[in-house]
Amino acid sequence: MVAVSGLMQRPLEKVSGLLRRHFHWIAPMVLQVTVCEAINQSMDKELERDEKVFLLGEEVAQYDGTYKVSQGLWKIYGDKRIIDIPIYEMGFAGNAVGTAMGGLRPICEFMTFNFSMQAIDQDINSGLPPMPIVFRGPNDTSAGMAAQHSQCFAAQYGYCPGLNVDELMYGVPFEFHSEAQSKHLLISIGKAKIERQGTHITIVAYSKPVGHCLEAATVLSKEGIECEVINMRTIRPMDIETIEASVMKTNHLITVEGGWSQFGVRAEICGRIMEGPAFNFLDAPPVCVTGPEVPMPYAKILEDNSIPQVKDIKFAIKKHIKYLVWT
């Protein structure tokens, strides 16, 4: 997020000093934009800026994309740059790789990253930098869609050298300040963001669990437990420096992710902390909150119990506070 300084307007005064008139400055409403809408606007700007950029995938053109991420783009840029492709992930991922090798800049959309497994050879072995290519699509839980659409593959792609792996949330609205709407705004890949300052425990998460962590931190703050919440934003490259600095301040670490525990993103975070300068600052072993080791079920009550909820994060933190050295 980009902070915007508000403008201040001084009151006008009559020369005699007898009357004084004030113009009341009312700050403009901050625009609420979902991540879907933000991605749509970003693609629109890149398509307008560079004629080599094009989008391909299933139902991205006339249907405006499964989640309406490409809404309106086909009407602007036409069939040559917004291209509907049949359901054949390995084929159209290969098309994207080939066009990137030829000098174009494809954005290749998977309806869900579960389906990207069909194209794993193209994603990993063929589509590596310096090729200018973006593979995008939803990852992790999709409500009521079971295992075929709801697994988290952040760790699998984060494992592969040469890839940049970012995590976003489709339907979640965020404040969108005017400065963030500039065509010239660029945010560096690989930089985490401290969403909430705290002194007692560092909580590291990405994607949807970040919101759960912030909610848990707000509740626990009323009980005197101040949590520092870090939004990783990028899985690879990983901004371990921001995490280390926070752990060296709080002396405690809790990680939260929607994927499975074994070999997950949390394992990489903990491994780097153990190997780095922050290890000697830990007053207790790190705690990891993850989904259970099961395929994602279909029934809502089972699905809710298969991904970390606010109550799970609060429970982990409260269990951990016995290690806290209160100051």
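The values are calculated or read from the model by the stated rules, or taken from the named source; none is laboratory data. Just so we're clear, the structure is a prediction, and the values are computed from it rather than from any experiment. Cβ sites come from the backbone with ideal geometry, for glycine too, and all protein chains shown count toward neighbours. In case anyone asks, the SASA skips ligands and DNA or RNA and just uses the protein heavy atoms, side chains included. Shrake-Rupley method; radii C 1.70, N 1.55, O 1.52, S 1.80 Å.
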Handout entry: Residues of region 221-235 satisfying the condition of being under 21 Å from MET248 (Cβ atoms), of a type outside the set (Lys, Arg) and not in a strand (DSSP E or B)
Key = ILE225, GLU226, MET232
Fill in the blank from the handout: Within region 236-253, of all residues that are in contact with a helix residue (DSSP H, G or I) (Cβ under 6 Å, 6 or more places away or on another chain) and not in a helix (DSSP H, G or I), the one surrounded by the fewest Cβ atoms within 10 Å (Cβ to Cβ) is ASN251
Handout entry: Failed condition for GLY258, given (1) surrounded by fewer than 20 Cβ atoms within 10 Å (Cβ to Cβ); (2) in a strand (DSSP E or B)
Key = (1)
Practice task
For LYS75, work out the one condition from (1) part of a loop (DSSP other than H, G, I, E, B); (2) open to solvent by 70 Å² or more (accessible area, probe 1.4 Å); (3) without any contact (Cβ under 8 Å) to a residue 12 or more places away in the chain; (4) of a type outside the set (S, T, N, Q) it doesn't fulfil.
Solution key: (1)
Exercise for the section: Determine if region 41-54 includes at least one residue that is open to solvent by less than 30 Å² (accessible area, probe 1.4 Å), touching a Pro at 6+ places or on another chain (Cβ under 9 Å), more than 23 Å from GLY158 (Cα to Cα) and in contact (Cβ under 8 Å) with a residue 40 or more places away in the chain. Expected result: yes
Exercise for the section: Return the only residue of ALA38, ALA93 being closer than 27 Å to ASN125 by Cβ, in a helix (DSSP H, G or I) and in contact with a Phe, Trp or Tyr (Cβ under 8 Å, 6 or more places away or on another chain). Expected result: ALA93
Completion exercise
Residues of region 100-114 being free of Cβ contacts under 8 Å to residues at least 40 places away in the same chain and more than 20 Å from GLU167 (Cβ to Cβ), in sequence order, are ALA100, MET101, GLY102
Completion exercise
Among strands (runs of 3 or more DSSP E) entirely within region 132-220, at least 2 residues that are at pLDDT 95 or above and crowded, with 21+ Cβ neighbours inside 10 Å occur in 201-205
